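Colleague: Supplied in structure tokens, the structure appears directly below.
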Amino acid sequence: MSEYGIKPYSKAIIKLLKGVVENNDVVWNDLLTYQADIQNYISTMGVELIVKKDEGFAFIKQTILDDDKTINLVSRRQYGFEVSVMLVVLRHMLEDFDSNPTLSQATDKYVTSFEIKEETEMFLPSTYNKAKFEKELDNNIERIVDFGFLVAPKTDEGEKRYKIHRIIKERVTLDDLLDFKKQLNNYDTSDQSF
């Protein structure tokens, strides 16, 4: 492999640059074995390796430079209001799940479209167009699956059940939740994005 300068962990780096690497991925063991080498290599690109071994995934995160900026290797997304609210709700649901001792035997939190809808509607301003929200719910859930915050549904007696991916805790922090609540209080039904 090293004849062309290819390292034994090159595939792991490529997977990381594409997105989250799960513990069932073929490169997971290489990622753990060569974690320090991978970190040294990718640090030259302005990113750092985050390994959540207990939670079963790893990803890269942009390094914040001295002026609170990044080199923009990883693109930031504008989610739109509905998706932003849904992400906050999912993050909150996972936080509740993790802190509930009666559910501690389960390791993954699964939710249905109906549960997402019910929880999200509680956060929408009273002046918000709820009919529009319901019409676009399935599309917004699919977008969240595409972003990697929900895992494709498992069928349970005909009802779709989505797994909330734990990466959401890294991407939507507790500080983000507080900021979102402040923005929600100031929301004026315009088409603003968070």
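Colleague: Please give the contour-minus-distance gain from Ile14 to Leu174: 0.36 nm per residue of separation, less the Cα-Cα distance, rounded to one decimal in nm.
Modeller: 54.6 nm
Colleague: What is the gain in length, in nm to one decimal, between Ala131 and Asn40 on full extension, counting 0.36 nm per residue of separation less the C-alpha to C-alpha distance?
Modeller: Here the answer is 27.7 nm.
Colleague: While we're here: Of the peptides 57-64, 46-53, 120-127, how do they stack up when ordered by the mean number of other Cβ atoms within 10 Å, highest first?
Modeller: Working: 57-64: 17.9, 46-53: 16.2, 120-127: 12.9.
Result, highest mean Cβ count within 10 Å first: 57-64, 46-53, 120-127.
Colleague: If you wrap a convex hull around the Cα atoms of the range 125-171, how much volume per residue is inside, in Å³? List each step's numbers first, then the result.
Modeller: Numbers: hull volume 5.0 nm³, N = 47.
Taking the convex hull of the Cα positions in the range 125-171, it is 107 Å³ per residue.
Colleague: Quantify, in whole percent, the carbon and sulfur part of the accessible surface of the range 1-44 (1.4 Å probe; protein heavy atoms only).
Modeller: After summing per-atom areas, the C and S share lands at 49 percent.
Colleague: Within straight cross-link reach of Lys181, meaning Cα distance under 28 Å, which lysines are found once same-chain residues fewer than 8 apart are removed?
Modeller: Output for Lys181: Lys52, Lys61, Lys69, Lys109, Lys117, Lys130, Lys132, Lys135, Lys163, Lys169.
Colleague: Same structure again: Assuming 0.36 nm per residue, please report the length gained on full extension of the stretch Glu115 to Asp66 beyond their Cα-Cα distance.
Modeller: Length gained between Glu115 and Asp66: 13.4 nm.
The values are calculated or read from the model by the stated rules, or taken from the named source; none is laboratory data. Bear in mind that the values here come from a model prediction, so they are computed numbers and not experimental data. Here Cβ is always computed from backbone atoms with ideal geometry, including for glycine, and neighbour counts include all displayed protein chains. Quick note on the areas: whole protein, heavy atoms, side chains included, nothing else; ligands and nucleic acids left out. Shrake-Rupley method; radii C 1.70, N 1.55, O 1.52, S 1.80 Å.
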